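Just below is one structure, and these are the notes that go with it.
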Amino acid sequence: RYLVDTLTSGTYGAAIDLDSLGYPHIVFREYYDRGLMYAWMNPDSTWSMEAVGLQGSFPSMVIDKLGRVHVAFESCGLAYGVRDSVWHVIYPSPGWGGKCPSLTLDRGGEPHIVSTMGYGYDALVVYTYREGGEWHVEVVDTVSECGHLSIVLDDSGRPHVVYSRLGRGFYVYRPGFRHAVRVGEGEWRVEEVDTSEPGAVVVINPVAAIDSLGRIWVVYEMIDSTGTGYNRVLKYAWSEGNGEWYIGSIENISTAASGTDLEVDKDWNLHLTYKYGGVLKYGWWGGGEWHVEVVDTVDGQISTWDDMEVGVNGVVHIAYCNSYHTYPHEGLLMYCWGKPEVGVREGGRGLDCEGLLRVEPVVSSGMVEVIMELRSERYIELDLYDVSGRRVRELWSGYLGRGEHRISVDLGELCGGVYFIVWRVEGYSMGSKKVLFQ
């Protein structure tokens, strides 16, 4: 654990990403003093920092392949900044959006941002993106106020947005939350994910990720006030993209599970962070359930905002705020890293596998070879899925010893299209490879 900054920092947002060498970079809000700040770890584990140049809250950050830092944040509207050697900050869509932005980059490095604007019954979910050097704005949905959003891009580059529906005033609730996917220029398909009776339940903090099979996953908090007091449950949902959602619970919690984050690593493992009260927790998905452990505790509150990133070596990096006192907050911006006690999968290395899976050729009209490398004997399962996430058939299963193994698979009976060969090691899904059958 590292103490990054002490000047009431991170209480209104912290975002983390890793550079190509695996060093953490953090953008965060300094409440009283210098506004939006950018900090990065040096090779000697010291921290350097500088001001972005504007007051700002709720930052969302991504580092691109060239090492440039991109950040979207709220600053009297939606602000967007990029840093090469210095910061360049603009307002890409004056008068549109800005609250609680969520940022991602496409394969070409172009930014895609979702945010909200307005209050009450006519609040808007706004999508802002850059294409051909020009900024464009679309309205995704009209909601009764929306405080939390998340955006991800699928394999075809389509944006998916999840967002809560709060309402105006403490007692005006709107049930559940929504998922929207862009199906054309200015066209969005919107669906309800998890709903209940109006006036009883509100959903907050939804955050999304997409796995190797194209399934969209969401974690979120549901607050139920139908009984005495408030019953809070941290939940998850996933969908194969057909409009049907599968919903489950992670944990019953006593206070707000704020700062929720969900990430998919390079080997398609799901990672979760969240906190409530004075406890910061981490979870990973395996064997059809979430496995959760405590990362840190403080004598007071761990404040609302945190963010997570998973390195290529399976190490989990978290930026978060410790808030020890009531308002006015005295927040400490913290950074921690490590491997979970239960063992992050690391693409198989946590199960003594090399995490190497190849398919040759990737475009086929008949036979393909599946190549795997193992460091010790394991029970392996290979299954074939289509793009909707439907399991087509089992390809092979059995024990394999240490070393490289090649298994020939006949796909000659398939209809043309895109398929995924998924491998599992002792029941845990380790990754997949795409095959185009023609």
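The values are calculated or read from the model by the stated rules, or taken from the named source; none is laboratory data. Keep in mind that what you see is a predicted model, and the values were worked out from it rather than measured. Glycine also receives a Cβ, built like all others from the backbone with ideal geometry; neighbour counts cover every protein chain displayed. Please note that ligands, DNA and RNA were not included when accessible areas were found on the heavy atoms of the full protein model with its side chains. Shrake-Rupley method; radii C 1.70, N 1.55, O 1.52, S 1.80 Å.
Where residues in the range 4-38 are without any contact (Cβ under 8 Å) to a residue 60 or more places away in the chain and among the small types (Gly, Ala, Ser), which of them is surrounded by the fewest Cβ atoms within 10 Å (Cβ to Cβ)?
Here the answer is SER20.
For residues that are crowded, with 18+ Cβ neighbours inside 10 Å and farther than 15 Å from ASP211 by Cα, scanning just the range 237-255, find the one that is modelled with the lowest pLDDT.
ILE253
Hey, can you tell me all the residues within the range 378-405 that are in a strand (DSSP E or B) and more than 20 Å from ASP267 (Cα to Cα)?
Residues of the range 378-405 in a strand (DSSP E or B): 378-386, 391-400, 403-405.
The answer is VAL392, ARG393, GLU394, LEU395, TRP396, SER397, GLY398, TYR399, LEU400.
Out of all the residues in the range 76-86, is one or more open to solvent by 50 Å² or more (accessible area, probe 1.4 Å), among the small types (Gly, Ala, Ser) and assigned to a loop (DSSP other than H, G, I, E, B)? Can you show your working first?
First, pick out the residues of the range 76-86 that are open to solvent by 50 Å² or more (accessible area, probe 1.4 Å): 76, 84-86.
Filter once more, keeping what is among the small types (Gly, Ala, Ser): 85.
Going one step further and asking which of them are assigned to a loop (DSSP other than H, G, I, E, B), we end up with 85.
Taking every residue of the range 76-86 in turn, at least one turns out to be open to solvent by 50 Å² or more (accessible area, probe 1.4 Å), among the small types (Gly, Ala, Ser) and assigned to a loop (DSSP other than H, G, I, E, B).
Being more than 16 Å from PRO101 (Cα to Cα) and hydroxyl-bearing (Ser, Thr, Tyr) is true for just one of TYR31, TYR80. Which residue is that? Break it down into steps so the answer makes sense when it comes.
On the way: TYR80 fails: more than 16 Å from PRO101 (Cα to Cα).
After ruling out the rest, the residue left standing is TYR31.
Could you check, for the range 344-357, whether at least one of its residues is surrounded by 17 or more Cβ atoms within 10 Å (Cβ to Cβ) and at pLDDT 80 or above?
The answer is no; no qualifying residue exists.
Quick check on the range 269-281: of everything there that is surrounded by fewer than 24 Cβ atoms within 10 Å (Cβ to Cβ) and either without any contact (Cβ under 8 Å) to a residue 24 or more places away in the chain or over 12 Å from the mean Cα position of the chain (by Cα) (or both), which residue is nearest to ASP306 (Cα to Cα)?
Of everything passing the filter in the range 269-281, LEU280 is nearest to ASP306 (Cα to Cα).
Can you tell me which residue within the range 141-156, out of those that are over 20 Å from LEU262 (Cβ atoms) and at pLDDT 80 or above, is surrounded by the fewest Cβ atoms within 10 Å (Cβ to Cβ)? Walk me through how you get there before you give the answer.
Taking the range 141-156 and keeping what is over 20 Å from LEU262 (Cβ atoms), we get 141-145, 156.
Okay, now just the ones that are also at pLDDT 80 or above, so 141-142, 156.
On the way: ASP141: 18, THR142: 12, SER156: 7.
Taking the candidates together, the pick is SER156.
What is the one condition in (1) closer than 24 Å to ASP296 by Cα; (2) open to solvent by less than 50 Å² (accessible area, probe 1.4 Å); (3) part of a strand (DSSP E or B) that SER45 does not satisfy?
All conditions pass for SER45, except number (3).
Has the range 52-70 got at least one residue that is free of Cβ contacts under 8 Å to residues at least 12 places away in the same chain and part of a loop (DSSP other than H, G, I, E, B)? Outline the logic, then answer.
Of the residues in the range 52-70, the ones free of Cβ contacts under 8 Å to residues at least 12 places away in the same chain are none.
No, there is no match, as no residue in the range 52-70 is free of Cβ contacts under 8 Å to residues at least 12 places away in the same chain and part of a loop (DSSP other than H, G, I, E, B).
Take the residues in the range 157-206 that are open to solvent by less than 20 Å² (accessible area, probe 1.4 Å) and assigned to a loop (DSSP other than H, G, I, E, B); name whichever of them is modelled with the lowest pLDDT.
Here the answer is ALA200.
Provide a single number: the residues in the range 9-27 that are modelled with pLDDT of 90 or more and under 23 Å from SER75 (Cβ atoms).
Number of matching residues: 6.
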